[in-house]
């Protein structure tokens with residue numbers, strides 16, 4: 001069972017592919033913080049995200065797809081851009097016929113730490129204990145994507 | 001010169017293909033108000049819009065693509081859904097390598113009526129004078145899409 005976890009955005013996008021082995025252990029197959037070219041317009045940037053996801057899905061062939069739910073925020077302009085990117089990201093997953101799941105921040109905190117009101121630091125600390133990560137991994141968005149993928153694998157009952 | 005005009009949404013989407021003839025006259029090749037299935041979830045609905053646009057672009061082969069700019073509104077939930085749909089719609093246009101243009105409501109009013117503060121009724125009245133429409137056309141979203149396509153053709157300088 002392989003899942004693709006996404007921390008959505010149009011500027012920085014966390015991408016992670018995790019596999020749940022038969023012994024129940026999660027293994028990181030791939031992760032990155034993909035950054036789009038700020039010189040380009042938003043639609044060219046979103047297009048580059050779509051192409052990147054196509055490549056990753058074709059390479060790692062996940063069965064499932066998980067993304068964080070967007071909530072209301074005060075900055076409507078950011079909401080519009082992130083939602084446009086999110087729509088395209090989910091469309092690419094649909095096109096590849098992946099099973100699509102959405103998780104709230106509370107569900108992600110719960111699945112990684114057992115506590116729905118955990119801090120970002122507590123989530124990161126648990127992520128590094130659950131999954132072996134590369135030493136140079138410093139990008140928040142990448143760790144967030146791994147946390148989303150862990151959450152999704154925790155919701156898979158039958159392997 | 002053919003342009004595809006879109007009034008974006010995830011529930012009702014106005015779609016219009018107009019052609020500018022060598023005599024400068026705009027001709028409606030196709031228009032509809034495409035409605036998605038309310039029983040399905042938003043991502044299935046957006047996927048059906050993408051498939052519909054693929055079919056229309058392949059059939060009418062427009063050179064250009066025009067869509068209305070989204071502005072801030074008080075209803076963030078609607079903004080998220082419409083933005084997700086809008087992102088996918090623009091992605092499909094990019095995939096087909098169409099030239100993408102965005103117009104504000106004021107630009108659309110100006111191009112159709114010559115007056116940036118025109119009412120919806122004034123815009124509709126001018127649209128029916130500029131383009132021959134089917135008699136049974138009653139959907140606002142469809143007329144809005146035709147108005148956007150007219151606006152785009154008005155911005156093409158060299159034919």
Notebook entry, point to check: How far is residue B:61 from itself in the other copies, in nm, if each label sits 7 Å out from Cα along the Cα-Cβ line, shortest first?
Noted result: 3.7
Check: When you look at the Cβ of every residue in B:126-132, what mean number of other chain Cβ atoms sits within 10 Å?
Finding: 0
Checklist line | Evaluated at q = 0.12, 0.14, 0.16 Å⁻¹: base-10 log I(q)/I(0), Debye formula over Cα of the protein assembly as shown | finding: -0.81, -1.02, -1.24
Item checked: Order of A:6, A:70, B:92 - criterion: other Cβ atoms within 10 Å of each residue's Cβ, fewest first -> A:70, B:92, A:6
Check: Which angle between 0 and 90 degrees, to the nearest 10, do you get for helix B:140-154 versus the longest principal axis of chain B when only C-alpha atoms count?
Finding: 50
Margin query: As a test of understanding, state the convex hull volume per residue of chain A from its alpha carbons, in Å³.
Written below: 113
Notebook entry, point to check: Taking 0.36 nm per residue of separation and subtracting the Cα-Cα distance, what length does fully extending residue B:30 through residue B:137 add?
Noted result: 37.3 nm
Checklist line | Average beta-carbon neighbours from other chains, 10 Å sphere, peptide A:88-99 | finding: 4
Next item on the list: Sum -39500 (n - 2.57) across every DSSP H segment of at least 4 residues in chain A, then divide by the residue count to get the 222 nm mean residue ellipticity, nearest 500.
Entry: -15000 deg cm²/dmol
Margin query: Please report, for residue A:11, the nm distances (one decimal) from its label point, 7 Å out from Cα along the beta-carbon direction, to the equivalent points in the remaining copies, shortest first.
Written below: 3.2
Item checked: Within segment A:103-122, backbone nitrogen closer than 16 Å to the virtual label 7 Å beyond the Cα of residue B:41 toward Cβ -> A:103-105, A:107-108
Notebook entry, point to check: Going by how many other beta carbons lie within 10 Å of each one, how would you line up A:115, A:91, fewest first?
Noted result: A:115, A:91
Check: Between copies, how close do the residue A:30 label points come, placed 7 Å along Cα→Cβ, listed in nm from shortest?
Finding: 3.4
Item checked: Fewest-first sequence of B:65, A:34 by Cβ atoms within 10 Å of each Cβ -> A:34, B:65
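Read-outs throughout are calculated quantities, based only on the coordinates presented, and are distinct from any laboratory measurement. All values derive from a computational prediction rather than experimental measurement. Note that we place each Cβ from the backbone using ideal geometry, even for glycine, and neighbour counts take in every protein chain shown.
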